[in-house]
1. Sort SER189, SER122 so the one with the fewest other Cβ atoms within 10 Å of its own Cβ comes first.
2. Just add up the charged neighbours of VAL182: K/R +1, D/E -1, any other residue whose Cβ is under 10 Å from the Cβ of VAL182.
3. Return the sequence-ordered ³J(HN,Hα) values of segment 345-352 in whole Hz as given by the Karplus equation 6.51 cos²θ - 1.76 cosθ + 1.60 applied to θ = phi - 60°, using x for Gly and Pro.
4. How high is the FRET efficiency from LEU166 to GLU102, r the C-beta distance, R0 56 Å, rounded to 0.05?
5. I need to check one value: relative contact order of the chain, counting alpha carbon pairs closer than 8 Å and at least 6 residues apart, in percent.
6. Could you check which residue among GLN227, GLN55, GLN192 shows the biggest mean-square fluctuation in a GNM of the chain with a 10 Å Cα cutoff?
7. Which of the DSSP-defined H helices in the chain satisfy a minimum axial length of 18 Å, computed from C-alpha atoms, and a minimum mean Kyte-Doolittle hydropathy of 0.5?
8. What is the calculated FRET efficiency for ASP347 to THR294, with r their C-beta to C-beta distance and R₀ = 30 Å, to the nearest 0.05?
Amino acid sequence: MAAEKVNDQERDNPEMVALREEALAALSKAASLAELEEARVAFLGRKGKLTSLLQGIKDLPPQDRRRAGMMANRLKGWLEQAIDEREKELRRMELEAGLRGERLDVTLPGRHVTYGSRHLISSIIEEIEDIFIAMGYRVAEGPEVELDYYNFEALNTPEWHPSKSLQDTFYVDASAVGREDVLLRTHTSPVQIRVMESTSPPLYVIAPGKAYRHDVPDATHSPMFHQVEGLAVDERISLADLKGTLEFFAKRMFGEDRAVRFRPHFFPFTEPSAEVDVSCIICGGKGCRVCKGTGWLEILGAGMVDPNVFGYVGYDAERYSGFAFGMGVDRIAMLKYGVPDIRYLFDNDLRLLAQF
Ligand code: PHE
């Protein structure tokens, strides 16, 4: 701040001493350039306090004017210099505050980024896809909201079949879609029909996706679950091809020393049909808690495509034969990774999701 020495002349003039004190206080109070400008106007502006004081000098008695004029001008000079200095000070403070705000500490640890990961079910589906793609299959998809025709009728499933009942199948409200034959597919098998309708043999496809059944959720049931459907149609396809294909798959998926076992079963759209077991992926077949002592785990249904199904899609059943299978993805995931409850897969709980 400018020299603050009070000289004799000023001491004579209490008005100027007061003005000087007042100005000093105003300058140090000004905390920004805008406030400093306000203070400058208050003293040196057109109607400022010092300006009016200077203007008043001409009204003094002539013998006092010279001295008062000198003093007032000195005060003005002092004040201008004080404002200048305060301005420099404020600019320096603003610059420092700005630099402080922009300071970059390159030694600080980085911000942690949490990565998402693929859902276990998606990974398993991709693993299954890779195994079949390596055998020359392609991947197909179909709608989850299906027509009765694709889900049941063209799959040779009679009107009276229990899986068609309201207890087992979610039907879409007829008033909403204007027809009574729309439902959530109960398996991925309707994709077989859609693929055959749009392609001629030979064909080798798998179709992963969601399926829906009117089940009460418990540790092993979920009204929404996942399947991978498989379909091969060509000349001279036999049950041996089905067995070899599934054996190759089981070894790739679960380990080289896995075996498969076919148990006779019934599906309307395959003949003959089988339920297929894989030797227990936990105990290898000796018998354990997971396979309930049997040494085997049931993971899919399969069979030779029923010639009636070829009739629905216009394939020549004399020339072509084929096999189909459908496996439960959720069950495979649970067995392979020891997930004790199917509902854990769909809870969106990070304690499960973050493990895969
Ligand atoms: N769609 C059958 C099911 O969901 C499985 C299956 C598919 C059986 C293909 C035979 C052939 O149970």
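1. SER122, SER189
2. -4
3. Whole-Hz 3J(HN,Hα) from phi for segment 345-352: 5, 10, 7, 6, 8, 4, 4, 8.
4. 0.25
5. 14 percent
6. Most flexible of the set in this elastic network: GLN55.
7. 120-133
8. Efficiency for this residue pair is about 0.50.
No lab work stands behind these numbers, since they all come straight from the coordinates. Since the structure is predicted, the reported quantities are computational estimates derived from the model, not experimental observations. Every residue, glycine as well, gets a Cβ built from its backbone with ideal geometry; the counts of neighbours run over all protein chains shown.
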